[in-house]
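Heads up: the structure comes next, in structure tokens.
The values are calculated or read from the model by the stated rules, or taken from the named source; none is laboratory data. None of these values were measured; they are calculated from a predicted model. Glycine gets a Cβ as well: all are built from the backbone with ideal geometry, and neighbour counts include every protein chain shown. Surface accessibility is based on the protein's heavy atoms, side chains included, excluding ligands, DNA and RNA. Shrake-Rupley method; radii C 1.70, N 1.55, O 1.52, S 1.80 Å.
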Amino acid sequence: MNKFLLTVVACFIFSVQLSYSQCIPDPNITIPGIYPDSATGLAPGMVGDPYSEVIQIRVPLDTSLLGVQIVVDSITLLSVSSLPPGLSSACNPSTCKFLGGTNGCILIDGIPTAAGSYQMKAVTSTRAHTLIGSFQLPAQIDTIDYYIISIAGPNSINNLNSGRFEMMQNEPNPFNSITNITFNTPIESSLEFKVYNLLGKEVLRKTILTEAGKNILKLEANDFTPGVYMYSLSNGVRTFTKRMIVSKK
């Protein structure tokens, strides 16, 4: 294999990896804010196991300050730090610039390499102007540091917390036959399960009636064409989103 071909292959692999690391903004979110909130927090992980969590964002179109109506131009994510080793972040849109009145998301994913509790820090810059006179306000810099990601050690017992709604990564992943998605609900409930392709098109939706405690959802590869998909499970308050790969047989 010559040098040119090696370069082409390397570029292809890199571009595929980039395409994998993308979240899908939730169009159903209409109230400005960041989801999940500080009370719900982010899901825990385990050393050596794939981790994937999505933070959904709805940027307000306007607000008020001391009685003056303010139009929000954009909120830009400047940096994300203090993630568990092995994890990284990616935005949608990829510029990490979320315009006023729009939805966006941030994907935290990877394979954790060290146990511990990590307080994630995100620095944002908000640009806005006054409605009357279109006076541009100075950029407002904020630090969001209320998310803590707990990573368990490789020898920990991988049990779901019976008192919380949680979802694990599907196993096996990738899969070419059947894969299992294990999740927990503290009470009997009705959950909504969705699968999207990387273009954001919904390819599967079903309502799941669960029992209190541990539940297992089975998916068959025959129901999908080979490729990369995002799947989500929602109880109406919190939504877990993860990535799965359907491989060729």
Note to self: Using a probe radius of 1.4 Å on heavy atoms only, what accessible surface per residue do you get for the chain? Whole Å² is fine.
What the structure shows: 55
Next item on the list: Using R₀ = 41 Å, calculate the FRET efficiency as 1/(1 + (r/R₀)^6) where r is the Cβ-Cβ separation of LEU99 and ARG164; round to 0.05.
Entry: 0.75
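By how many nm would the segment from SER150 to LEU204 lengthen if fully extended, with 0.36 nm per residue of separation less the alpha-carbon distance?
Value of the extension gain: 16.4 nm.
Count charges around ILE75 for me, please; just the other residues with Cβ under 11 Å from its Cβ, Lys/Arg as +1, Asp/Glu as -1.
On the way: positive: ARG58, LYS97, ARG127; negative: ASP73, ASP142.
Overall, the nearby charge balance is +1.
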Notebook entry, point to check: Based on the Kirkwood radius over alpha-carbon pairs, what value in µm²/s does the Stokes-Einstein equation return for the translational diffusion coefficient of the chain at 20 °C and 1.002 mPa s?
Noted result: 108
Checklist line | Zone residues, the range 51-84, relative to THR143, backbone N less than 15 Å from point 7 Å out along Cα-to-Cβ | finding: 78-83
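Please compute the Kirkwood hydrodynamic radius of the range 64-144 from all pairs of different C-alpha atoms, in Å with one decimal. Each step should come with its number before you reach the end.
On the way: mean 1/r = 0.0692 Å⁻¹.
In the range 64-144 this quantity evaluates to 14.5 Å.
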Note to self: Return the equivalent ellipsoid semi-axes of the range 35-110 as a descending list in whole Å, where each equals the square root of 5 times an eigenvalue of the C-alpha gyration tensor.
What the structure shows: 29, 13, 10
Next item on the list: Place a +1 charge on the Cβ of each Lys and Arg in the range 198-249 and a -1 charge on the Cβ of each Asp and Glu, then give the dipole magnitude about the Cα centre in debye, rounded to the nearest 20.
Entry: 140
Check: Rounded to the nearest 0.05, what FRET efficiency is calculated for ILE31 and SER177 with R0 set to 35 Å and r the Cβ-Cβ distance?
Finding: 0.30
Next item on the list: Calculate the spin-label point distance for LYS218 paired with SER81, positioning each point 7 Å from the Cα along the beta-carbon direction, and give it in nanometres.
Entry: 4.9
Check: Taking all protein chains as present, what is the carbon and sulfur share of the accessible area of the chain, in % to the nearest whole number, probe 1.4 Å?
Finding: 57
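Calculate for the chain the 222 nm mean residue ellipticity that helices alone would give, adding -39,500 (n - 2.57) per DSSP H run of length 4 or more and normalising by residue count, nearest 500 deg cm²/dmol.
Values: 1 runs with 18 residues, N = 249.
Helix contribution divided over all residues of the chain: -2500 deg cm²/dmol.
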Checklist line | Environment charge of TYR196, counting only residues whose C-beta is closer than 12 Å and scoring Lys/Arg +1, Asp/Glu -1 | finding: +3
Note to self: Return the Rg/Rh ratio of the range 190-249 with Cα-based radii and a Kirkwood Rh.
What the structure shows: 0.98
Notebook entry, point to check: Mind listing the Cα extents of the range 155-238 along all three principal axes, in Å, largest one first?
Noted result: 35, 33, 18
Notebook entry, point to check: When Lys and Arg each count +1 and Asp and Glu each count -1, what net charge do the other residues less than 13 Å away from ASP109, Cβ to Cβ, add up to?
Noted result: 0
Next item on the list: Evaluate the distance, in nm, between pseudo-label points positioned 7 Å from the Cα of THR40 and of ILE111 along their respective Cα→Cβ axes.
Entry: 2.9
